[in-house]
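Everything on this sheet refers to the single structure shown next.
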Protein chains: 2
Amino acid sequence: MDTPAALIDTLKMQRNIQRMQLRAESLGVHLRPHVKTHKCADVVAAQIAAGARGITVSTLKEAEYFFERGIHDILYAVAMAPHKLPQALALRRQGCALTLITDSLTGAQAIVDFGRQHGETFAVMIEIDCDGHRCGVKPQSPELLVIAQLLGASLAGVLTHAGESYGLDTPGALQAIAEQERARCVEAAERIRAAGLSCEQVSVGSTPTALSALSLHGVTELRAGVYAFFDLVMHNIGVCRADELALSVLTTVIGHQAEKGWVITDAGWMAMSRDRGTQSQKRDFGYGQVCDEYGEPIDGLLLSSANQEHGVAQFEHSHVDVVTHFPLGTRLRILPNHACATGAQFGSYIAVLHDADVQV
Amino acid sequence: MDTPAALIDTLKMQRNIQRMQLRAESLGVHLRPHVKTHKCADVVAAQIAAGARGITVSTLKEAEYFFERGIHDILYAVAMAPHKLPQALALRRQGCALTLITDSLTGAQAIVDFGRQHGETFAVMIEIDCDGHRCGVKPQSPELLVIAQLLGASLAGVLTHAGESYGLDTPGALQAIAEQERARCVEAAERIRAAGLSCEQVSVGSTPTALSALSLHGVTELRAGVYAFFDLVMHNIGVCRADELALSVLTTVIGHQAEKGWVITDAGWMAMSRDRGTQSQKRDFGYGQVCDEYGEPIDGLLLSSANQEHGVAQFEHSHVDVVTHFPLGTRLRILPNHACATGAQFGSYIAVLHDADVQV
């Protein structure tokens, strides 16, 4: 097997998928996985088999890719740009149950106008800002009702994403942001309903809030993505154990700087991505936690720096004779900071069926 | 044109290619461009047309790609991992003049042994450590001569890369590191020759040192990559002007947070990459400098944060009515921190032939 390569430990992935599915069911909501994390039809198949209902995508290209592979119920969860409407129309004309989102009057107007011109009633959710993190209209804003009225028959529901949850790392804080995400999205739905309009779907989610919510009362569906693989950022947030990470990068030792204790690997940022998501967290893993070739973490050995096709692994605190312990050609695995970013660096994954303990 | 898209301003690129070619010629050396920056056959064709001799690659996959497109003289400038030797052999058997590099006795032994088994004399350069930055053997080390003797007829020369130059930003410091890169690589070559061995090639380079060297006496070839596009990191180092950047990302405004002065774009880190190379430089450009759709920088407007498919642009110091100035659907261009990282996020480029002044 050539390196660098992206490995998926399928046992761990299946466990992660089951865990989130059971969680959604116990909270009484549907699960609509965000597939931007893996962009992989086989992983989606495992999620659907476990009980997921439809998928969430971050680009229309992803929507087209998964629709061609048999997925019909697709939510494109990025505010619709008017120039992309012909692409969305083409998908719907082919039979895709594509839902769009918007968070502005201008955006809603563009969708409605384009729909009228082409005799199409798009399904549209209004994006709600539940935490000031990124996009969305505030649940209390007058604009919410104006957009809802404008959308009319196109209005499919409301949707939010508590991006602020990525900055937290205690169960109490995570439960609070999950409740805030739920409550503000439900509040928006209730305001729309109180105005005499229908608001069927109430969609919330992020992996940290999905795994922390105590109740999803009033919510109809949960979205989450990175849980299928998990990563070091999620580990720092506290929603998974290190041994639950399903994605790793297989690499080969291509050199050393013995005096400095450096192990040079062929996994640089082209493999790991430039994501330094753990830099501002309680434990900084550099560009990743280095493991042996079976995925068992090597205590204190981090990928401390990365160039395009070179990575430098070194021990944080101890000085080890790296030439003896990690000779040229040694295979290692690296757990990534951010599975979405690392996964996106590869055109394909290699499914492996071994844990540190169980080699098949 | 859909967004995000990677645009190459071909006039700027051609000027950049000419500039480096003229520089190599005035210094009396061949230019062997590093194609990891662009990975694009059309760009290589422009470099060859301008006078480049052969190319440098960072993976054997790149070597295969460019060999299939008619490039024969290829230097694979990452220390050879033994398990990749069959792939290198296959390329040479097909007629590719592939040169490998090594910086260890173990690595050299593996190449020589594999070559003997298969009746192939690989061409190999020894990587020299000129600045303690990453890989290579020290020019004064006893190991250098042992590796050279072991390689014997395979020894094609010595090669170095002053990675430390990326941390500098004054002409004096850049001239000094360029001279250090030259002097240490030539020293290594002379030690090998003094031991009675042939050392034909003396290869140095990085874009900052290539553009700063006062003399390349004793050097035979110059390698550089990012100069074809340039980027904000190179601008901060001081080797290009902002209006020389040939690569930009075209994006569309998909929303606003008016109170905060945020312009939401459809270029996030999937488009820009997670590279924050200017973070530690004298001017931090966030995830990129925002320009109008013709590529003219908008003073103080930076891509301040990036999610997977969302970017947030905001003015650094002033508060502007962003909804009025950048309505939904507005096209913008973003200049990247690091052209190699941004370029690698796209499967293709769109060649454009307009400057801020000259629209064609």
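The values are calculated or read from the model by the stated rules, or taken from the named source; none is laboratory data. Values in this document were obtained by computation on a predicted structure and should not be read as measured data. Methodologically, a virtual Cβ is constructed for each residue, glycine included, from the backbone with ideal geometry; neighbour enumeration extends over all protein chains shown.
Among the conditions (1) without any contact (Cβ under 8 Å) to a residue 12 or more places away in the chain; (2) of a type in the set (D, E, K, R); (3) more than 14 Å from chain B (Cβ to nearest Cβ), A:ARG53 misses just one, which is (1). Quick one: is B:GLY288 in contact with a Lys or Arg (Cβ under 6 Å, 6 or more places away or on another chain) and not hydrophobic (A, V, I, L, M, F, W, C)? Against the criterion (in contact with a Lys or Arg (Cβ under 6 Å, 6 or more places away or on another chain) and not hydrophobic (A, V, I, L, M, F, W, C)), B:GLY288 does not qualify. Residues in the stretch A:279-290 include none that are touching a helix residue (DSSP H, G or I) at 6+ places or on another chain (Cβ under 8 Å), outside any loop (DSSP other than H, G, I, E, B) and among the β-branched types (Val, Ile, Thr).
Selection over the stretch A:91-104 of residues that are out of contact with any strand residue (DSSP E or B) (no Cβ under 9 Å at 6 or more places or on another chain) and either within 11 Å of another protein chain (Cβ to nearest Cβ) or small (Gly, Ala, Ser) (or both) gives a count of 1. Restricting attention to the stretch B:300-353, the residues that are within 18 Å of B:GLN289 (Cα to Cα), out of contact with any Lys or Arg (no Cβ under 8 Å at 6 or more places or on another chain) and without any contact (Cβ under 8 Å) to a residue 60 or more places away in the chain add up to 14. Every condition in (1) assigned by TED's automatic domain parsing to the domain that holds A:GLN175; (2) at positive phi holds for A:LEU211 except the one numbered (2).
Can you pull out the residues in the stretch B:244-272 that are without any contact (Cβ under 8 Å) to a residue 60 or more places away in the chain and assigned to a strand (DSSP E or B)? Those that are without any contact (Cβ under 8 Å) to a residue 60 or more places away in the chain and assigned to a strand (DSSP E or B): B:GLN257, B:ILE264.
Taking A:LEU302, is it within 14 Å of chain B (Cβ to nearest Cβ) and either in a loop (DSSP other than H, G, I, E, B) or not β-branched (Val, Ile, Thr) (or both)? Answer is no for this residue.
Residues of the stretch A:128-140 being within 11 Å of chain B (Cβ to nearest Cβ) and surrounded by 15 or more Cβ atoms within 10 Å (Cβ to Cβ), which ones? Across the stretch A:128-140, the qualifying residues are A:ASP129, A:HIS133, A:ARG134, A:CYS135, A:GLY136, A:VAL137, A:LYS138.
For every residue, the table says whether it meets (1) closer than 29 Å to A:THR342 by Cβ; (2) outside the structural domain of A:GLN345 (by TED's automatic domain parsing); (3) among the polar types (S, T, N, Q); (4) crowded, with 18+ Cβ neighbours inside 10 Å.
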position	(1), (2), (3), (4)
A:PRO33	yes, yes, no, yes
A:ALA52	yes, yes, no, yes
A:LEU60	yes, yes, no, yes
A:GLU68	yes, yes, no, no
A:LEU75	yes, yes, no, yes
A:ALA79	yes, yes, no, yes
A:LEU85	no, yes, no, yes
A:ALA90	no, yes, no, no
A:THR99	yes, yes, yes, yes
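Inspect all residues belonging to the stretch B:279-295 and state whether any of them is more than 14 Å from every other protein chain (Cβ to nearest Cβ), buried (at least 24 other Cβ atoms within 10 Å of the Cβ) and aromatic (Phe, Trp, Tyr). The answer is yes; a qualifying residue exists.
Going through (1) away from every other protein chain (no Cβ under 14 Å); (2) in contact with a helix residue (DSSP H, G or I) (Cβ under 9 Å, 6 or more places away or on another chain) one by one, A:ASN236 falls short only on (2). Away from chain B (no Cβ under 13 Å), touching a strand residue (DSSP E or B) at 6+ places or on another chain (Cβ under 6 Å) and either within 15 Å of A:VAL44 (Cβ to Cβ) or at pLDDT 95 or above (or both) - does that describe any residue in the stretch A:76-90? Looking through the stretch A:76-90, none of the residues is away from chain B (no Cβ under 13 Å), touching a strand residue (DSSP E or B) at 6+ places or on another chain (Cβ under 6 Å) and either within 15 Å of A:VAL44 (Cβ to Cβ) or at pLDDT 95 or above (or both).
Among residues belonging to the stretch A:103-127 that are under 20 Å from B:PRO327 (Cα atoms) and among the hydrophobic types (A, V, I, L, M, F, W, C), point out the one that is surrounded by the most Cβ atoms within 10 Å (Cβ to Cβ).
Restricting to residues being under 20 Å from B:PRO327 (Cα atoms) and among the hydrophobic types (A, V, I, L, M, F, W, C), the top hit is A:ILE126.
Looking at B:ASP275, is it charged (D, E, K, R), in contact (Cβ under 8 Å) with a residue 12 or more places away in the chain and either closer than 20 Å to B:ASP9 by Cβ or within 14 Å of another protein chain (Cβ to nearest Cβ) (or both)? So B:ASP275 fits the description; yes. Would a scan of the stretch B:327-341 turn up a residue that is away from every other protein chain (no Cβ under 14 Å) and surrounded by fewer than 16 Cβ atoms within 10 Å (Cβ to Cβ)? No; the residues of the stretch B:327-341 include none that is away from every other protein chain (no Cβ under 14 Å) and surrounded by fewer than 16 Cβ atoms within 10 Å (Cβ to Cβ). Candidates in the stretch B:251-272 are the residues that are more than 9 Å from chain A (Cβ to nearest Cβ) and crowded, with 23+ Cβ neighbours inside 10 Å; of these, the one that is farthest from A:ALA306 (Cα to Cα) is B:VAL263. Selection of the stretch A:305-326 for residues being within 12 Å of another protein chain (Cβ to nearest Cβ) and either surrounded by fewer than 17 Cβ atoms within 10 Å (Cβ to Cβ) or assigned to a strand (DSSP E or B) (or both) yields A:SER305, A:ALA306, A:GLY311, A:VAL312, A:THR324.
For A:VAL186, are the conditions met, namely being touching a Cys at 6+ places or on another chain (Cβ under 8 Å) and assigned by TED's automatic domain parsing to the domain that holds A:PHE114? Spelling it out, it is not the case that A:VAL186 is touching a Cys at 6+ places or on another chain (Cβ under 8 Å) and assigned by TED's automatic domain parsing to the domain that holds A:PHE114. Is it the case that A:ARG241 is free of Cβ contacts under 8 Å to residues at least 24 places away in the same chain, in contact with a helix residue (DSSP H, G or I) (Cβ under 9 Å, 6 or more places away or on another chain) and farther than 19 Å from A:ALA108 by Cβ? So A:ARG241 passes the test.
Results for (1) in contact with a Gly (Cβ under 8 Å, 6 or more places away or on another chain); (2) in contact (Cβ under 8 Å) with a residue 40 or more places away in the chain, shown as yes or no for each residue.
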residue	(1), (2)
B:LYS84	no, no
B:ARG92	no, no
B:THR99	no, yes
B:SER104	yes, yes
B:VAL112	yes, yes
B:GLU120	no, no
B:GLU127	yes, yes
B:CYS130	yes, yes
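Checked against (1) under 30 Å from A:TYR287 (Cβ atoms); (2) without any contact (Cβ under 8 Å) to a residue 12 or more places away in the chain, A:THR209 passes all but a single condition, namely (2).
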